1. If you check I77 against the conditions, is it at negative phi, surrounded by fewer than 11 Cβ atoms within 10 Å (Cβ to Cβ) and not aromatic (F, W, Y)?
2. Does the range 105-115 contain at least one residue that is surrounded by 11 or more Cβ atoms within 10 Å (Cβ to Cβ), free of Cβ contacts under 8 Å to residues at least 12 places away in the same chain and not in a strand (DSSP E or B)?
3. Considering only residues that are more than 16 Å from the chain's Cα centre (by Cα) and in contact (Cβ under 8 Å) with a residue 40 or more places away in the chain, which ones fall in the range 29-76?
Amino acid sequence: MITYRFYSLIGLLAVFNLISCHKDLTPEGILHKSIDQCQNVQNGTYEMAYYIKYISGKDTMHSTYKHIFKKLKDDSIFSSAFHYQKFSNNDYENDVLYTGNELVKYTIKDSMGEIISKKLWYDNLKSISHNFKFIARLTI
């Protein structure tokens, strides 16, 4: 006589087998696949927002980046030509543009800008390249 426990055990083993066969269906796997798909996009636009709460301050800082990008082949500083606008707490802060040859930083608030040539200032650009926000690969 086959009992309810036997059927429950068979069902439970089937579920575990299904889960082990589909490791990529875990939340972490789904997240990694979606980030990989985003990294394969050659050009486009996206908006990224993040929040930072400093221990010493009362308020949480909210920054938004509006990006336009196109992947570049063999660029040793950035992987894409890009333009983004940064907003802090919904107020315009600045624009950054990278053409593959120059990095241009400017603000329309006071008409100030800076043009940094890749050819003349390669080492400086390479050393500050981590300061620019993009969708980054996960480390989980």
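1. Numbers: at negative phi: yes; surrounded by fewer than 11 Cβ atoms within 10 Å (Cβ to Cβ): no; not aromatic (F, W, Y): yes.
In short, no.
2. no
3. Listed by number, the list holds a single entry, S76.
Every read-out reported here was derived from the displayed coordinates using simple, explicitly stated rules and does not represent laboratory data. Since the model is a prediction, treat every value here as computed from it, not as a measurement. Reconstructed Cβ throughout: ideal geometry from the backbone, glycine too, with neighbour counts over all protein chains shown.
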